[in-house]
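Here's the structure, in structure tokens; my notes come after.
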Amino acid sequence: MKRVFSVPGSAHGNSRVLFQWQKKSGKYLASAGANRRVNIYNREGNIVAELETEGNAVSMDWDAQGITLAVACEGSNKVLMWNSDTKESSLLETDEKSPLSMVRWSTEKLLLIIGTVKGNLILYNQEVRRRIPILGKHNKSITEGIFDQNNNFALLSNDRSFTINNSDGDTLHQPMLQSDGSSIRFYSPPKTALREGKLHEPKASLILDKKTLYIFNLEDPENPIELAFQEKYGTIVAYDWSARGNLYIGFSSGYFVSVSTHMDKIGQELFQVRNHKTRLNDIACCHAVEKVATAGDDFVKIHDMLEPSDVYAIIPLEDDRGMLDRLRWSEDGQLLTISTMSGAVYTYLMKLPVLGQASSKSLAYMSSLKELTAQFFDQPAIRHRIKLPIEPLIVGAGPFHAAVAMNNNAWFYTTAADEEPKLVAGSPRDYVGTVDGISLNADYAAVQCGGKLQLQLIEYDEDMGTGDGREAKLFPEKSSEKIIASTITEAFLIYATDKGGIHYFSLEDWMFVNEYQLPSGIKRFFADETGTRVVVVDNKGDAFVYSPVDDSCVEIPNVSPTIKGFLWDTVATEKTLLGYDDDSFYVYAFLQDHVDSVASGHNELGSLCQFVGKSQLAHGCLPVRLVGGAVTSLTPSGKPKTDTLSTHRYLVEPKNVGLSDLPAAMEAALQMGNFPLAAILLNRLLGSQQKAPVASSKAAEAALKALDIASATTMYRLLGKPGMVRTLKALEFVEDRHLLGGHVSMLLGKFNRAEQLFLNSSQPEEALHMHRDLLQWEQALKLASKYSPKDLPIVAREYAQQLEFQGNFSRALEHYQTAQTNDPRERVHNDACKAGIARCALRTGDVSRGLALAEEIGSIKLFTECGAALEATDHFNEAAQCYERANMVDKAAEMYIKTKNWVKAGEMLESVSNTALQLQYAKAREASGSYKEAATAYEAANDVVSVVRINLDHLRDPQEAVRVVRASGSVEGAKMVANFFQKIGDAPSAIQFLIMSRNADEAYAMAKQHNQLDLYAEALGDAGTPEVYKQIAEDYDRLGNGLQAGRFFLQAGLYDDAVNRLVQASTEDGEHVELAIRAAGEAGETGLTQRVLDYLMGEVDGVPKDSRYLFRLYLETKQYQEASRTAILVAREEQRTGTYRTARDVLYQMFNELKEQRIGIPAEMSDDLNMLHSYILGKIRMKLGDHLLAARMLNRVANSISRFPAHEVNILTTTVIECFRSGMKKQAFDFAKQLLANEYRDKLEEKYKKKIESIVRKRDLSEVEEEQEPCPYCSTQLPVTSLSCYNCQKRLPMCIATGNFCVRTDFTQCPSCRFPARKSAFLRYLQYQPQCSMCSTQLDASKIKQTPLEEVEAFFEGFQKDIDANAVPVTDVKAQAEGEAAAADDDESDDDESELI
């Protein structure tokens, strides 16, 4: 803290000092001591006036405007008055005989209250110079007085009372006190608290007997409060109120305490500290800077009122240790004055006046009371300090100059980073009134003073002159107007008048270029650097952005009533507007073109100003510049500081935003209208795999509303909305902003706004197209007639179509007729209109006209529509004709039926597909007695019951009725037929149809009655219940028919009874054995299975049964291990007897059963199956002419010829011939030599013997080299017919089409049996034989596909496990069992191997 000046004690008679700072301006300090003198000092400590008095001053006070000082002196009945403007003094006569004790000015008016030692009161109104004496206000001396903000005043007297009075001196309250009082104060709630609705009540307070505080609530005068304090604090020395209604109290022992007076916390200490060890002498509060000072010992401590625990400063006064006395602040808080007991006065600078201004290049601000600092933005390290001759009240800054002003003078200085500042020639300059503001550009200064505005060159030499008349100009030109705000840019001088006018004066053209008149007066305005955007605050406190480009005014929302100013962001791409008051920043985003904004109340595209947020402004700071969200403010300490707005904290360094802050950062970017940054942040947000916020789609919509098409396109692409991206791409190059806004509004569903914008664009017809798309035809017609007459016929036609759809046919007819044109090129349009006229004419009753137009056009579609129209108007005959012309047979028949035109209806019946129509026709024909036609129609309608009824009752044709019932399976029809046969005594037929009609009991009774049990059982089939089957079985049992009894006991689920009857029966085809095996399988009982096994083994009748039955039993009872062994035995038996296909099918069936049950397949079974299938493939390939592959397969078989004993010679002979034919001469030689051995020679047929002998005799050992491919497991090269790998020792799956091993890259499976094959070979095979060579299922070659790789891998892995008899496969490569495969090849017989040769 800097000491400004000091006054020695001798100036006050070395006694205690009474002093007070001038109110409002704070230019003067008045002080008085014990030397009968009042001294007036200026802010530098220079004495301005010395006033002699009749006695020592006992009370003094400045009026609210700081013009008049009133002083009451000891022993005098006159008031000394000193005028600060004229520097003259005078004496105010009071006509009182007693001396004066107190003077006090009103805080609102020029009203002075004067108290006397006798308790009298004088009211002095300075405006009218009138005195009002009030005698006997108190009984003793009035010691203190004070005004509140309502102009009421309180008086404290030595008579132990105080009074609350109104401005007329009338007593409102007069409480009596228990002891002497002192230090009376008023607490009035601040206006901001009243605006915010906070509950603060006005109070009066005083100190009682220096021990307690007495609080008198003006709203509750009957309940005063008295606060007492801890004894350790000592006596109360001084106190004051804070703006929030708390008390700051200083105690004699050095304690400084803050106490709440709110009713819920009354008397509660909020803060306490012992500031001074020995004694505390005084406290003083300054609400302007929110500081409170305490004086004691040899120093002063200053606390922040918002945070009392924070010590703002300590001022030591070691020269006056222990003698500090009183404290007083200047009203603005800049100066703090301290007095001592010996009369010395010290004044300290506590806060600089926050004065400054920023230009585009520099900042000029007060760094001390008489020091101006110029700082440059591009070279912040350079600061020029300018010593001033005065303490200025106004500061201005330009690109190359700075200016200061006080009263009616202004000083101009050059400011450049590379040279020292200089006073501009001609400074100071005098003006016609007090300077209210200065703004500068590079050349000119605009000085506002006394309602006028002086425009002048800054560096102008009056002696030399320029001669062009542009050196200076005074505004306004009309003397009746008063300028209240102004600014200057590089191009314009802008000012506003008290009449609400905004004027633009061009500095280049030296003329007015724009004027705009507001309906209400203007308080102030704030322009951006170019002057193209101006914030205007009117007299009502409303604010808006004015643009001289189009005279548009955009409202600024949520404007604080305490707003002091606005700053525009100087970054061209920024859209930030910043408002501020004493405590807060108000951030707005100004969006230039926005579809939600309406310019100047018209329908044109306008700008939008939206409130973004509020942040705190440090107390006492003045914002002067805004750059990219960083605001530079001047602080009370005399130094500028730069802070980032809280709304921009994510936008300054977007790359450093963390993942968790991305949603908030994106929201901030959207609020500020920074849509490109929002798109970047959205991309990061989606790329971080976080869930996109719900607001993401709203982000794209916000960019769209602001017509930022590029950013909106990017966002919609990120959000996966290709439709919007494609639409916006088409709008990228639309330059007309109104046209673009119209399309955007339409996309957003704001159709009224879209129409407004389209109509203000270069393509107003787009509004027409929009209304057409929205089916808003009345608007479309109006727009078409005005903006696009060529489209009027088309719109009229489309409107007519809509009206027709809605059923308003008469209006539709009018519009269709209006829509017709005479242009031959519009034939399609005119035909559509004629078709509409035809339809509407029919609907409105003009049938002949409608039909004539339909015939003229000849359209099938129109005939259909006309038919519907005629049908709706009950013209059925004409409707039928139209439907017939439209080939709508069903509808035409329906119409003919309605008109009872049976001939036409009958002709069309065969083509009718509508069942309801056929029934309708059938009923009508039946009613008319045409039963044959009726029956035909009923059958076409699938009404079987009616067909049966007519054939039985009317046509007497039971054979036809039987045919219909059997074909349809109708239960009701079967009942009717059964009844018919019962009536004519045909019991067998009746039994069959009773069963079909689900009346089995009646059928059974009839069957027993007529000895037709076999017929009944055959007809019943599988449709009976267990009880019915048991009943039939018992009947057969009584008749001694064991086979039938066993069959029906089996169907009834009585397996013991079934087996008992079946093992005693005998059939040539073994049916009784099959049924017994089935019973054992279904029963699943070990005992029953053993009984059947014993029967099969011959234990019952001594006759062992065929081993195939044993195989079937094991399969039925799921004994798969035994079944597999038996299958091998059966197959080998079949193989031994020469039935190779049967042997193969037995193994195939067993193979599938084991795979289905996931049981390991014996390797022996797999080998046998491969061998038998190779034999069958050899035969097939011979038949197809593929001799090489046939030779390969037969070669495999011949190498195991002992397994084919029934046809050894034939097989070897065929092998020799096929090998020789295909070029496998060595194999042919080997097998021929084998045939000529003694074992086979005699069995060799004569016709082949010579050939074979010739092969042996010629001994040709040449060989066709067998193709090789890699093993599917280890990739070792193997002959393709190999079924095992010598390297990895693994078995290889055999292709069912070629007999070669399967490969992974050309792999498929039979869709039916799931056996593997080479895909390419399988497809070639199916071209000649369209059935599977393994399961004989007919196959569609188009459904044979390459098996997916993962399934191929699973097959080959599972194949090795399947063949292991002890392993259970892991993968489920399931093969579908086909049941018993016993069908023989239609073209060959396995029992006759002579064909093989």
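What the table below lists for this structure:
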read-out: Filter result for the condition that a residue is charged (D, E, K, R) and either modelled with pLDDT under 85 or open to solvent by less than 80 Å² (accessible area, probe 1.4 Å) (or both), over R839, R827, R843; value: R839
read-out: The stretch 503-526 residues that are in a loop (DSSP other than H, G, I, E, B), paired with ones that are of a type in the set (D, E, K, R) (beta carbon under 7 Å, 6 or more apart); value: W510/R470; L518/D538; S520/D538; S520/K540; G521/D498; G521/D538
read-out: Lone qualifier among V1059, V965 - being assigned to a helix (DSSP H, G or I) and farther than 21 Å from A1076 by Cβ; value: V965
read-out: Entirely in the stretch 549-598, the strands (runs of 3 or more DSSP E) that have 1 or more residues that are farther than 30 Å from N752 by Cβ, touching a strand residue (DSSP E or B) at 6+ places or on another chain (Cβ under 8 Å) and of a type in the set (G, A, S); value: 565-568, 576-580, 584-598
read-out: Filtered residues of the stretch 637-667 (kept if part of a helix (DSSP H, G or I), under 27 Å from V595 (Cβ atoms) and more than 16 Å from the chain's Cα centre (by Cα)); value: T647, H648, P654
read-out: Failed criterion for Y1109 (all others in (1) in a helix (DSSP H, G or I); (2) under 24 Å from Q982 (Cβ atoms) hold); value: (2)
read-out: Listing of strands (runs of 3 or more DSSP E) fully contained in the stretch 1261-1344 that carry 2 or more residues being surrounded by fewer than 15 Cβ atoms within 10 Å (Cβ to Cβ); value: 1268-1270, 1277-1279
read-out: Within the stretch 1062-1106, tally of residues that are farther than 21 Å from V1130 by Cβ, free of Cβ contacts under 8 Å to residues at least 24 places away in the same chain, open to solvent by 60 Å² or more (accessible area, probe 1.4 Å) and part of a helix (DSSP H, G or I); value: 1
read-out: Every pair of residues 6+ apart whose Cβ atoms lie under 7 Å, when the first sits in the stretch 412-424 and is in contact (Cβ under 8 Å) with a residue 60 or more places away in the chain while the second is surrounded by fewer than 21 Cβ atoms within 10 Å (Cβ to Cβ); value: none
read-out: Selection within the stretch 966-990 - touching a Leu at 6+ places or on another chain (Cβ under 8 Å), aliphatic (A, V, I, L, M) and open to solvent by 40 Å² or more (accessible area, probe 1.4 Å); value: M976
read-out: From L662, L719, L681, L651, residue being more than 28 Å from L577 (Cβ to Cβ) and in contact (Cβ under 8 Å) with a residue 24 or more places away in the chain; value: L719
read-out: Strands (runs of 3 or more DSSP E) within the stretch 291-409 that include 1 or more residues touching a residue at least 40 places away in the same chain (Cβ under 8 Å) and within 30 Å of I438 (Cα to Cα); value: 324-329, 335-340, 345-349, 356-358, 362-368, 371-376, 394-397, 401-406
read-out: Candidate set: the stretch 1281-1296, residues that are in contact (Cβ under 8 Å) with a residue 40 or more places away in the chain and under 23 Å from L1194 (Cβ atoms); chosen: the one farthest from the chain's Cα centre (by Cα); value: T1281
read-out: Residue within the stretch 281-294 that is under 26 Å from P636 (Cα atoms), within 51 Å of the chain's Cα centre (by Cα), surrounded by fewer than 22 Cβ atoms within 10 Å (Cβ to Cβ) and charged (D, E, K, R) present; value: yes
read-out: The stretch 29-42, subset of a type outside the set (A, V, I, L, M) and open to solvent by 20 Å² or more (accessible area, probe 1.4 Å), residue farthest from E74 (Cα to Cα); value: N42
read-out: Residue within the stretch 1346-1353 that is open to solvent by 20 Å² or more (accessible area, probe 1.4 Å), in contact with a Gly (Cβ under 9 Å, 6 or more places away or on another chain) and over 29 Å from G1185 (Cα atoms) present; value: no
read-out: Selection from the stretch 370-417 of residues that are of a type in the set (V, I, T) and in contact with a Pro (Cβ under 7 Å, 6 or more places away or on another chain); value: I386, V404, T414, T415
read-out: D551 at pLDDT 90 or above, under 26 Å from E481 (Cα atoms) and open to solvent by 30 Å² or more (accessible area, probe 1.4 Å); value: no
read-out: Qualifying positions in the stretch 150-161 - more than 13 Å from L121 (Cα to Cα) and in contact with a strand residue (DSSP E or B) (Cβ under 8 Å, 6 or more places away or on another chain); value: N151, N152, N158, R160, S161
read-out: Any helices (runs of 4 or more DSSP H) falling wholly within the stretch 695-773 and containing at least 1 residues that are in contact with a Phe, Trp or Tyr (Cβ under 9 Å, 6 or more places away or on another chain) and open to solvent by less than 30 Å² (accessible area, probe 1.4 Å); value: 696-705, 709-718, 722-729, 737-747, 765-773
read-out: Pick from the stretch 255-285, criterion among the hydrophobic types (A, V, I, L, M, F, W, C) and not in a strand (DSSP E or B), ranking: nearest to I207 (Cα to Cα); value: I266
read-out: Test: residue in the stretch 583-595 that is within 25 Å of K499 (Cα to Cα) and open to solvent by less than 10 Å² (accessible area, probe 1.4 Å); value: no
read-out: Test result for L91, more than 18 Å from S157 (Cβ to Cβ), open to solvent by 30 Å² or more (accessible area, probe 1.4 Å) and without any contact (Cβ under 8 Å) to a residue 40 or more places away in the chain; value: yes
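The values are calculated or read from the model by the stated rules, or taken from the named source; none is laboratory data. Note that this is a predicted model, so its numbers are computed, not measured. Note that each Cβ is placed from the backbone with ideal geometry, even for glycine, and that neighbours are counted across all protein chains shown. Only protein heavy atoms, including side chains, enter the accessible area calculation; ligands, DNA and RNA are left aside. Shrake-Rupley method; radii C 1.70, N 1.55, O 1.52, S 1.80 Å.
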